[in-house]
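Single-structure report; data block below.
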Amino acid sequence: MPHKSDELSVAEAEKEVHEASTPTSPTPAQEKRGSTLISFFSSFLGPKNPLAQPAEPHKQTVWLLDNTAYQPVNEDANENHLCWHAEVVAYIFETEGRKDAGNLVAAIADHIGLDGEVGNHDEARQRIAERVQPFLDQVSPARTVMLQVPTSPRAQSHGLGPSDRNGIVSQTVDMGEVGMYDGEVVRPRLQDFGDEAVSMSTTFAAPEGWLVVSDIDDTIKRTMTPEPTGVIRTTFADIPEPIAGMPEFYKYVHAELFPAWFYLSASPHNLYPFLHDFLDEHYSPGTLVLRDYSWMDITGLIKSLTEQTQEYKLDRLEKIRGWFPRRRVLCIGDSTQKDPEAYAEMYSRYPEWIHAIIIRKVKDVAGMEEKNEPGRFEKAFEYVPSHIWTVFEDPKELYNFVDGLGMEDQAL
C-alpha cells in the first residue's frame, strides 16, 4: 500500500495528465510561435507560396535597399532594349517580440574594454544597442509587400515577395519603357505603410559610361579589419570615421567621370542602416551591396569580413557586369583582404570591362607588413597592364590617375 505522500504525488500526476490531454485555448505566445513556424516552413514553397501574407506596418519592420536601374543589353547586338529593370531587395523583420539587447551590449562593451568613464558613456552604449538590434530581431518569412514606383509618365505598382526563410526579398522588377534619363533618381515606397514612409532611392543608369565599384571597410571607412577587437569597436561603439582624404577624392571622381556607384562590402546585411547612414553623410550615393550572412556570436562578424571574401566579391562583380556589360569600370579597394586578387581575377575575365584598379595600402593597422609587400601586388597584378592598376597611401596621389581616365572620354 503506497505512502500518503506517494498517494498525493500520484493524484497530482494524474491531474496534470488530464489537464494536458484536455483541449484548451492557446495563449497569445503559443499562437505567435505557431504562426511563425508556419511562415518559416511555408517560405520553402517559393514565389507561389499560397500561405504568404502581406506585411503589416504594426507587425513587421521593412528595409528597402537603395538600388540602380539598368537597361538590359544584348552584347552581340548594336541596339539596346529600352525597358528599365532593377533588382529590389527588402529585409522584413518582426516588430514585436524583439529580444533585449542588454546582454549583448554588455558583452561587446566588455570585449572591447569599455570601462571607467568611457564605458559609462550613454552615447557609446546607445550606439552599440542600436547597431546590434538588427542582429537580434526575428526575421519574417513568407511576407509580401507592394512597391510604388514614381516613374514617368505615370507611377507603377509592383508586388514583391514572398520573403524567404531569412526574411529577404530579392526580385527583379521590369518597369518597361519609362521616360527616365541617365542619373535620374526617384524614391519608390511601400504601399499601405502610411506614415511609416518606408522608401528607397532608385538611380537610373544608362548602359554606357563609367561605373565605380568601391570596397568600404578600410578603403573609405576606418574598420581595422585585421584586428578583431578593432572591428568590433569601430563597427558598434565608435562614430564611423572616413579615411582621410577619401570623401574629397570621391567627389572629384564623381565630377570627372559621373559614374554609377556600387559599394561592395563583405559586411553582413544587418549593418545596412549603419553603413547607409555613413555613406549618405560622406560619399556619393549609390547601391550598397552586402553579404547575406548573419551571425550568432561576435566571432561570426569577423568571419563575414575575412572568410571567402574573394569568392563573394567575384560573384557580386559578375552580377553587376550582367547589368552593365558596356560600362567602363573603376575598382577601388585596399590591402587588408583579397581586393587586389579579386579585381585582378575580374580583369583577366573581362579586360574590356575593367579599365582601372586602385588599391589603398593600409598602414594604420598593425600586422600589415606582409600584405603590403610590393611582391604581393606584383604577383596579384602579374597579368594586368601597369597602366591599369595603382597602389596608394595618400589619396592626393590619385588625382592625376583619374585625370588619365577622364581622357578616355575625350578620346571616344
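Kindly establish whether E227 is charged (D, E, K, R), open to solvent by 10 Å² or more (accessible area, probe 1.4 Å) and touching a residue at least 40 places away in the same chain (Cβ under 8 Å). Steps first, please.
Numbers: charged (D, E, K, R): yes; open to solvent by 10 Å² or more (accessible area, probe 1.4 Å): yes; touching a residue at least 40 places away in the same chain (Cβ under 8 Å): yes.
Answer is yes for this residue.
Among the residues of segment 151-179, write down those that are part of a strand (DSSP E or B) and surrounded by 13 or more Cβ atoms within 10 Å (Cβ to Cβ).
Passing the criteria: Q156, H158, G159, L160, I168, V169, S170, Q171, V173, M175.
All conditions but one from (1) open to solvent by 60 Å² or more (accessible area, probe 1.4 Å); (2) farther than 22 Å from P207 by Cα; (3) at pLDDT below 95; (4) not acidic (D, E) apply to V365; the one that does not is (1).
Under the condition of being aliphatic (A, V, I, L, M), part of a helix (DSSP H, G or I) and either in contact with a strand residue (DSSP E or B) (Cβ under 6 Å, 6 or more places away or on another chain) or at pLDDT 95 or above (or both), the residues counted in segment 261-302 number 2. Search segment 131-150 for residues being of a type outside the set (A, V, I, L, M, F, W, C) and in contact with a helix residue (DSSP H, G or I) (Cβ under 8 Å, 6 or more places away or on another chain), and hand back the single one that is surrounded by the fewest Cβ atoms within 10 Å (Cβ to Cβ). Among those that are of a type outside the set (A, V, I, L, M, F, W, C) and in contact with a helix residue (DSSP H, G or I) (Cβ under 8 Å, 6 or more places away or on another chain), it is Q138. When the criteria are applied in full, Y383 meets the requirement of being open to solvent by 40 Å² or more (accessible area, probe 1.4 Å), farther than 14 Å from V329 by Cα and among the aromatic types (F, W, Y).
Limited to segment 160-196, what total is found for residues that are among the polar types (S, T, N, Q), more than 23 Å from K319 (Cβ to Cβ) and under 20 Å from the mean Cα position of the chain (by Cα)? Full working, then the answer.
Our first condition is that a residue be among the polar types (S, T, N, Q); within segment 160-196, this holds for 163, 166, 170-172, 191.
Narrowing further to those that are more than 23 Å from K319 (Cβ to Cβ): 191.
When the remaining residues are screened for being under 20 Å from the mean Cα position of the chain (by Cα), the result is none.
Of the residues in that region, 0 qualify.
Evaluation of E393 against the conditions (1) out of contact with any Lys or Arg (no Cβ under 8 Å at 6 or more places or on another chain); (2) without any contact (Cβ under 8 Å) to a residue 60 or more places away in the chain; (3) more than 23 Å from E311 (Cβ to Cβ) shows that the sole unmet condition is (1).
Sort out which residues of segment 176-189 are closer than 8 Å to T151 by Cα and either without any contact (Cβ under 8 Å) to a residue 24 or more places away in the chain or touching a strand residue (DSSP E or B) at 6+ places or on another chain (Cβ under 8 Å) (or both), and write them in order of number. Write out each step before concluding.
Pass one, segment 176-189, residues closer than 8 Å to T151 by Cα: 178-180, 186.
Answer for segment 176-189, where residues must be closer than 8 Å to T151 by Cα and either without any contact (Cβ under 8 Å) to a residue 24 or more places away in the chain or touching a strand residue (DSSP E or B) at 6+ places or on another chain (Cβ under 8 Å) (or both): V178, M180, V186.
For segment 207-221, which residues satisfy the criterion of being on the phi < 0 side of the Ramachandran plot and surrounded by 17 or more Cβ atoms within 10 Å (Cβ to Cβ)? Matches in segment 207-221: W210, L211, V212, V213, S214, D215, I216, D217, T219, I220, K221. Please work out if I232 is among the aliphatic types (A, V, I, L, M) and either out of contact with any strand residue (DSSP E or B) (no Cβ under 7 Å at 6 or more places or on another chain) or open to solvent by 10 Å² or more (accessible area, probe 1.4 Å) (or both). Answer is yes for this residue. Restricted to helices (runs of 4 or more DSSP H) entirely inside segment 303-412, those with at least 3 residues that are under 23 Å from T225 (Cα atoms) and more than 25 Å from the chain's Cα centre (by Cα) are 374-380.
Is it true that Y347 is modelled with pLDDT of 95 or more, closer than 30 Å to T234 by Cβ, among the aromatic types (F, W, Y) and surrounded by 12 or more Cβ atoms within 10 Å (Cβ to Cβ)? No.
The values are calculated or read from the model by the stated rules, or taken from the named source; none is laboratory data. Source: prediction; values computed, not measured. So basically every Cβ, Gly included, is an ideal-geometry build from the backbone, and we count neighbours across all protein chains shown. Please note that ligands, DNA and RNA were not included when accessible areas were found on the heavy atoms of the full protein model with its side chains. Shrake-Rupley method; radii C 1.70, N 1.55, O 1.52, S 1.80 Å.
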